[in-house]
Structure formats: structure tokens, C-alpha cells
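**Student:** Attaching a single structure in C-alpha cells format; questions to follow.
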Amino acid sequence: MTIEQTFQRTPDSTRIITKDDISVHFKLTEKSKGMYARRLNIYSNHTFTEPGPEQAQIFQESTPVITLKEAYRQPDEFWTNNRPREAIRRNPNSVEQLMTRLRSVPVFYITEKIVTILVSGYIPTSEDPKKNKFEFGPMNTTLNGNAIEGGRFRVGGATTTAFSKRLFLDGYMAYGTRDGKLKYDALAEYSFNDRKEYRKEYPVHSIRLEYMYDLNKLGQQYMYTNRDNMLLAIKRQKDTRATYLRQAELTYYREHYNGLAYGAIIRNFRKYATPYAEFNYINPNNTITPHNHYDMTGLELKFRYARNEKFYQTRNQRIPITYDALIFNASHTMSRKGLLGSTYNYHRTNIGIQKRFWFFAFGYLDMITKAGKVWNKVPYPLLILPNANITYTIQPETYTNMNVMEFINDEYASWDLTYYMNGNILNRIPLIKKLQWREVFCFRGLWGHLTGKNNSATGETGLYQFPHGSYTMNNTPYMEASAGIENIFKFLRIDYTWRLNYLNHPNIQPHGIRCTMRLSF
């Protein structure tokens with residue numbers, strides 16, 4: 001890597017950058033030819049004069065960088081007239097000219113299309129970005145399956161900023177070959193500020209209305225991927241812990257550049273029982289009455305603070321780059337019995353903190369802690385169901401060796417510690433160090449408790465019977481650990497996981513191998 005920077009001294013001795021030239025030559029192996037990349041930034045027209053009345057309003061904006069609306073979609077004439085002469089001399093060909101030449105090669109053109117679809121997940125309806133108003137996708141959710149639905153086929157799509165920079169429409173339809181039910185989701189969102197590329201790009205300030213009917217998997221929440229992702233279809237046990245859910249949501253959410261975010265959700269839903277998650281109501285005389293469904297209407301308030309957080313923005317999610325910033329989350333959900341059809345009084349509070357700690361040459365530790373409590377007497381679907389991961393992939397903030405709905409609590413505290421050792425052991429082993437592998441160690445656990453008022457196992461009336469295979473915790477928290485290697489072929493991570501306790505529960509997997517794909521340098 002070569003970095004060349006040029007600074008200009010101002011009359012008050014301040015140095016301001018005028019050129020930033022970075023060249024990189026990299027290759028996968030020592031004998032390969034590798035690739036060459038270069039980025040040249042040239043800065044000009046700095047000014048430190050006092051802004052006039054017309055410009056003063058710009059400096060009152062909270063955004064750290066102000067970008068003109070059409071800055072990324074200028075015509076060719078603009079770049080011809082404004083591109084610095086040094087940039088033309090050093091690199092006379094623009095990126096667009098280079099891509100035009102490469103796309104003339106059929107193999108490159110087809111490969112680019114396939115990679116673009118795999119990365120973005122969407123197929124555009126027009127080659128011209130200005131005319132591409134609708135895209136089909138995400139394509140990685142088209143085919144899936146589970147024990148209840150059998151084969152699951154899904155088709156969906158969303159509008160783009162070419163349709164509207166403020167109004168966005170999104171949705172899908174899905175069908176299961178085994179249950180024969182048609183599922184759907186329809187979403188309309190209005191942003192109070194213009195979007196450049198995606199409706200979820202930072203900072204969000206919008207109001208959203210969504211209506212859906214679909215299978216609702218209990219105790220499974222994949223926070224960094226779509227729940228219908230094809231890679232999640234292969235599971236280590238039957239995926240039957242689910243109900244059907246019909247839900248309508250009205251959401252307001254706002255993010256600020258200082259890291260503060262807050263929102264409110266008005267939610268109405270009906271959950272339907274299935275043979276795998278029955279709603280067997282316990283009557284006062286200890287008889288059982290099967291219920292088909294229950295209803296809830298509630299309000300959820302959310303608060304988040306993450307100053308200087310860094311992430312990579314994709315169309316549907318944000319992938320954290322670092323956890324250096326202290327991130328704090330809090331939410332409270334409330335519902336009143338009888339209000340708009342609610343079956344129960346319900347109050348639930350959750351808080352969470354995550355932070356990265358650096359150990360200089362010895363790597364770093366990512367810490368995620370959470371705690372929560374359900375304050376009322378409610379049936380098991382409304383209690384705290386730990387987030388179990390029954391796939392063979394590594395999913396953050398999940399329990400790799402826990403069965404779905406194995407534990408039911410109404411109050412909990414959890415931790416997730418991941419230590420990236422940066423090769424401090426493997427880089428000292430001859431021959432192995434040439435592979436540039438790096439060690440990863442994880443230790444996660446959950447302390448939970450179920451108060452007597454919510455324990456249907458004791459015959460508490462007014463509740464639903466717990467499904468078979470669900471337990472309460474004793475005074476010992478559930479714990480599991482893993483040791484793994486990342487940077488395998490620069491993109492693969494493989495972990496070996498152990499379940500440390502509660503080993504007497506039936507049908508558990510005490511250990512196993514998990515993997516994930518992530519570019520690592």
C-alpha cells in the first residue's frame with residue numbers, strides 16, 4: 001500500500017489537505033498476479049470566511065456531511081467540466097468507461113449480473129437506474145422449507161428511489177406445499193427526508209404501515225439475516241415450534257446524527273394455535289379447554305443510543321463494522337385487557353448494552369448484555385423465549401446448542417462474549433502461520449427465572465399448558481462456549497461449540513460444528 005498526501009498551509013499556519021492518493025496491490029497467494037486498485041481524491045475551493053445569511057442555514061444542520069441531492073447522478077458533461085486536470089492526467093479513463101469495456105466481454109457481463117443479484121438480493125426491472133422503479137427480491141428467500149409448511153415458495157419485491165424518494169412499497173407472497181396456506185406481507189412507508197438509495201438508510205425518519213399473515217416461529221429471531229434465507233433451511237432438528245400470526249403495525253421511528261434514536265409502534269395481532277404449539281387453557285377446576293387463538297393490541301416504545309456507531313448499509317439491514325461505540329437499547333411494551341380486543345394485560349421491559357474492548361496486540365472482545373422482565377400473568381407465547389439457533393450457521397445473539405422453547409422465563413439476564421485473538425497463537429506455529437488463520441473464542445449464557453404466577457407446570461389457572469419439552473431454569477444459568485478459526489480462505493469461519501450444562505435434557509445436541517461466511521482482512 002502506498003499513501004501520498006499533499007497539504008497546503010493557510011495564512012494562519014493551518015494545514016489543509018489538497019490531495020489524498022492511495023494505491024494498493026494485493027493478491028491471494030504469493031505466486032498469483034493479484035490486482036491493483038487506486039483511489040485519488042483532490043480537494044479544492046476551501047473557505048473559512050464567515051457565512052452570509054443565505055449560507056448560515058447550512059451550518060445549522062445536524063448532519064456531519066451535507067450532500068447535494070443529485071451529487072451521485074450528474075451527467076457526463078458535469079464531470080468533463082469539473083474533473084481536476086491532475087485526475088484526468090493520472091487516470092484518463094473514468095470508472096464508467098472501464099465498466100463499459102469490461103461488460104462487452106460476455107463472461108464478465110454474466111458474472112457481474114450473478115454476483116450483483118447474490119449480493120443485493122434483488123433483480124431490477126430496468127437497466128437504467130432512473131427507470132428502475134421496482135425490483136424483485138430478495139432472491140435468497142425464493143425457496144425454503146420447514147416441518148410445518150414443507151416446501152416454501154416466496155415471491156416479492158419493492159419500489160426504489162426512482163419510483164419515489166419518500167414513499168416506498170414493499171411486500172411478498174409465500175405458499176407452503178404441506179400446510180396449503182397462502183402467506184403475505186404488505187408494507188407502505190413514508191420518509192420525511194429524501195432517500196438516496198434505500199428506504200432504511202441512515203438516518204431514518206419515517207412512518208410505516210404494515211399488514212402481514214405468516215408463520216410465526218417461536219423462540220427464533222435471526223437479527224442479521226432474513227428468516228427465509230435459503231442458507232437457514234438446513235437445520236439440526238425439526239422446526240415445528242410455531243404459530244400462525246396475523247398482524248398490523250403502525251410504526252414511527254426517528255434517528256439523529258448524534259446517535260439518538262427512538263420510536264413507537266402500535267401493534268394489533270392475533271396468534272393461532274397449531275398442533276405443535278397448542279393453546280390449552282387451564283380452567284379454575286383444573287380442566288383443559290383448547291383455544292384457537294388470542295388477540296393483543298399494544299404500544300411499544302423504543303429507545304436507542306449509539307454515538308459514533310459504524311456499520312455497512314445494505315438494502316435490508318445494517319452490518320456492524322465495529323462495536324467500538326457504546327450501544328444502549330431499551331424498549332417497553334404495554335397492553336390493556338379489553339382495549340381493542342386485547343385478551344390480557346401485558347407489560348414487558350427490555351434493556352441491552354454492547355461494547356468492544358481492545359487489548360492492543362492481543363485482539364479485542366465484543367460484549368453484548370441484555371436483561372428483561374414480563375410483569376404480568378400471561379400465557380407462554382407472551383413470556384421470554386430464549387433465542388435458539390437450530391441451523392448450522394453462526395448467528396450473533398443466539399444460543400447454538402439450545403433447543404427451541406427449551407426454557408421459558410418471565411425475567412432474564414444474558415451475556416454474549418466473543419474474543420477475537422487476531423492470530424496470537426496460530427501465527428507462532430510454523431507452516432500454520434502462512435495460512436494467516438485467526439482464533440475466535442465465544443462464551444455466552446442466560447440466567448432466567450419463571451415466577452409462580454406464570455408457571456403453568458404447577459397448574460396455575462388462566463394460563464396455557466407448556467408445550468412438551470419446555471422447562472424452567474433452576475438457580476444455574478444456561479451456558480455454552482465455542483472455539484473457532486476465522487479468515488479461512490479469507491472469508492470462512494468455523495466454530496466448534498459445546499453446551500456446558502443442562503445436559504440431562506432429552507434430544508439436545510451437546511456439541512457441534514458451525515460456520516459462517518464473512519470477508520476478513
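**Student:** Run the numbers on the chain and let me know its relative contact order in percent, using alpha-carbon pairs under 8 Å that are six or more apart. If you can, show how the numbers build up before the last one.
**Tutor:** Working: 1128 pairs, mean separation 38.7, N = 521.
Relative contact order, the chain: 7 percent.
**Student:** Counting only heavy atoms of protein chains, what accessible area per residue, in Å², does the range 194-288 have with a probe of 1.4 Å?
**Tutor:** Working: 4640 Å² over 95 residues.
Computed with neighbouring chains in place, this is 49 Å² per residue.
**Student:** Probe 1.4 Å, all protein chains in place: accessible area of Ile425 in Å², nearest 10?
**Tutor:** 80 Å²
**Student:** What are the ³J(HN,Hα) values, in whole Hz, obtained from phi via the Karplus relation 6.51 cos²θ - 1.76 cosθ + 1.60 with θ = phi - 60°, for each residue of the range 173-189 in sequence order, with x given for Gly and Pro?
**Tutor:** 10, 9, 9, x, 6, 8, 7, x, 9, 8, 10, 7, 8, 10, 9, 10, 10
**Student:** Where Lys and Arg each count +1 and Asp and Glu each count -1, what net charge lies around Gly459 among other residues with Cβ under 15 Å from its Cβ? Don't jump to the answer; show the numbers that get you there.
**Tutor:** Working: positive: Lys377, Lys453; negative: Glu460.
Charge balance near Gly459 sits at +1.
**Student:** Further question on the same structure: Rounded to the nearest 0.05, what FRET efficiency do Lys27 and His468 give with R0 = 60 Å and r taken as the Cβ-Cβ distance? Could you check?
**Tutor:** Details: r = 56 Å, r/R0 = 0.93.
Efficiency for this residue pair is about 0.60.
**Student:** Could you list the residues of the range 402-424 with an amide nitrogen less than 20 Å from a label point located 7 Å from the Cα of Tyr496 in the Cα-to-C-beta direction?
**Tutor:** Once the point is set 7 Å along Cα→Cβ of Tyr496, 402, 418-424 turn out to lie under 20 Å by backbone N, inside the range 402-424.
**Student:** Something else: Could you sort Leu382, Leu102, Leu500 by accessible area so the largest value comes first, with the probe set to 1.4 Å? All intermediate terms of the calculation are to be shown ahead of the outcome.
**Tutor:** Details: Leu382 10, Leu102 65, Leu500 85 Å².
Listed by decreasing accessible area, they come as Leu500, Leu102, Leu382.
**Student:** Add -39500 (n - 2.57) for each DSSP H run of 4 or more in the chain, then divide by its residues: what number comes out at 222 nm, to the nearest 500 deg cm²/dmol?
**Tutor:** Details: 5 runs with 41 residues, N = 521.
-2000 deg cm²/dmol, from helical runs alone.
**Student:** For the range 408-465, what relative contact order do you get, as a whole percent, if you take Cα pairs closer than 8 Å and at least 6 residues apart? All intermediate terms of the calculation are to be shown ahead of the outcome.
**Tutor:** Working: 78 pairs, mean separation 22.9, N = 58.
In percent, rounded to a whole number, it is 39.
**Student:** Determine the dipole magnitude for the range 219-281: charges of +1 sit on the beta-carbon of Lys and Arg, -1 on that of Asp and Glu, nothing else is charged, the reference point is the Cα centre, and the result goes in debye to the nearest 20. Display every interim value, and only then the final one.
**Tutor:** Values: 10 positive and 5 negative charges, 40 e Å.
About 200 debye.
**Student:** Quick one: which residues, 5+ away or cross-chain, put their amide H under 5 Å from the amide H of Ile394? H built at 1.01 Å from N.
**Tutor:** Cys515, Thr516
**Student:** Run the simple label-point estimate for Asn193 and Asn285 please: 7 Å along Cα→C-beta, distance reported in nm.
**Tutor:** 6.3 nm
**Student:** Something else about it: What is the magnitude of the charge dipole of the chain about its Cα centre, with +1 placed on the Cβ of each Lys and Arg, -1 on the Cβ of each Asp and Glu, and no other charges, expressed in debye to the nearest 20?
**Tutor:** Working: 68 positive and 47 negative charges, 169 e Å.
Once rounded to the nearest 20, the dipole reads 820 debye.
**Student:** Can you tell which of Thr29, Pro386, Ala56 lies farthest toward the positive end of the dipole of the chain, using +1 and -1 charges on the Cβ of basic and acidic side chains (Lys, Arg; Asp, Glu)?
**Tutor:** Value: Thr29.
**Student:** In square angstrom, rounded to the nearest 10, how much accessible surface does Trp447 have for a 1.4 Å probe?
**Tutor:** 100 Å²
**Student:** For the range 364-413 and the range 17-60, what is the separation of their Cα centres, given in Å?
**Tutor:** 44 Å
**Student:** Please tell me the relative contact order of the range 238-311 in percent, rounded to the nearest whole number, where contacts are Cα pairs under 8 Å and at least six residues apart. Write down the numbers at each step before the final one.
**Tutor:** Values: 129 pairs, mean separation 25.5, N = 74.
Value for the range 238-311: 34 percent.
**Student:** Tell me the net charge near Arg246. Cut-off is 13 Å between Cβ atoms, Arg246 excluded, with +1 for each Lys or Arg and -1 for each Asp or Glu.
**Tutor:** Numbers: positive: Lys181, Lys183, Arg267, Arg270, Lys271; negative: Asp185, Glu210, Asp214, Glu249, Asp295.
Here the count lands on 0.
**Student:** Additional query: Dipole of the range 208-336 (Lys/Arg Cβ +1, Asp/Glu Cβ -1, origin at the Cα centre): which of Leu232, Leu215, Tyr305 lies farthest to the positive side?
**Tutor:** Leu232
**Student:** On to the next question. Can you run phi through the Karplus equation (6.51, -1.76, 1.60; θ = phi - 60°) for the range 495-504 and list ³J(HN,Hα) in whole Hz, with x for Gly and Pro?
**Tutor:** Couplings: 10, 10, 10, 10, 8, 8, 8, 6, 7, 8 Hz.
**Student:** Excluding ligands and nucleic acids, what accessible area in Å² is computed for Asp170 using a 1.4 Å probe, to the nearest 10?
**Tutor:** 40 Å²
**Student:** Follow-up question, since we're still on this one. When ligands, DNA and RNA are left out and all protein chains stay put, how many square angstrom of accessible area per residue does the range 1-67 have with a 1.4 Å probe? Present the calculation step by step, with values, prior to reporting the outcome.
**Tutor:** Numbers: 6030 Å² over 67 residues.
I get 90 Å² per residue for the range 1-67.
**Student:** Still on this structure: Using +1 at the C-beta of Lys and Arg and -1 at the C-beta of Asp and Glu, which of Gln97, Gln509, Leu260 has the Cα lying farthest in the positive direction of the dipole of the chain?
**Tutor:** Gln97
**Student:** Given charges of +1 on the Cβ of Lys and Arg and -1 on the Cβ of Asp and Glu, with all other atoms neutral, how large is the dipole of the range 342-447 about its Cα centre, in debye to the nearest 20? Intermediate results must be reported in sequence, preceding the final value.
**Tutor:** Numbers: 11 positive and 7 negative charges, 80 e Å.
With only Lys, Arg, Asp and Glu charged at Cβ, the dipole is about 380 debye.
**Student:** Taking a cut-off of 25 Å between Cα atoms, list the lysines near Lys183, but don't count ones fewer than 8 places away on the same chain.
**Tutor:** Within reach: Lys133, Lys200, Lys217, Lys235, Lys238, Lys271.
**Student:** Let me ask another. Enumerate the amide H contacts of Lys19 below 5 Å, restricted to partners 5 or more residues apart or on another chain; note that Pro and chain-start residues carry no placed amide H.
**Tutor:** For Lys19, whose amide H was placed from the backbone, the distant partners under 5 Å are Thr6, Tyr43.
**Student:** Here's something else I'd like to know. Around Ile3, what is the net charge, scoring Lys/Arg as +1 and Asp/Glu as -1 over all other residues with Cβ under 13 Å from its Cβ? Please list the in-between numbers first.
**Tutor:** Values: positive: Lys19, Arg38, Arg39; negative: Glu4, Asp20, Asp21.
Within the 13 Å Cβ shell, the charges total 0.
**Student:** Measure nothing but the geometry: give the 0 to 90° angle between the long axis through the Cα atoms of 106-120 and the longest principal axis through the Cα atoms of the chain, rounded to 10°.
**Tutor:** Helix 106-120 sits at roughly 50 degrees to that axis.
The values are calculated or read from the model by the stated rules, or taken from the named source; none is laboratory data. Just so you know, these numbers come straight off a predicted model, no measurement behind them. All Cβ positions, glycine included, derive from the backbone under ideal geometry; neighbour counts span all protein chains shown. We work out accessible area using only protein heavy atoms, side chains counted, and drop any ligands, DNA or RNA first. Shrake-Rupley method; radii C 1.70, N 1.55, O 1.52, S 1.80 Å.
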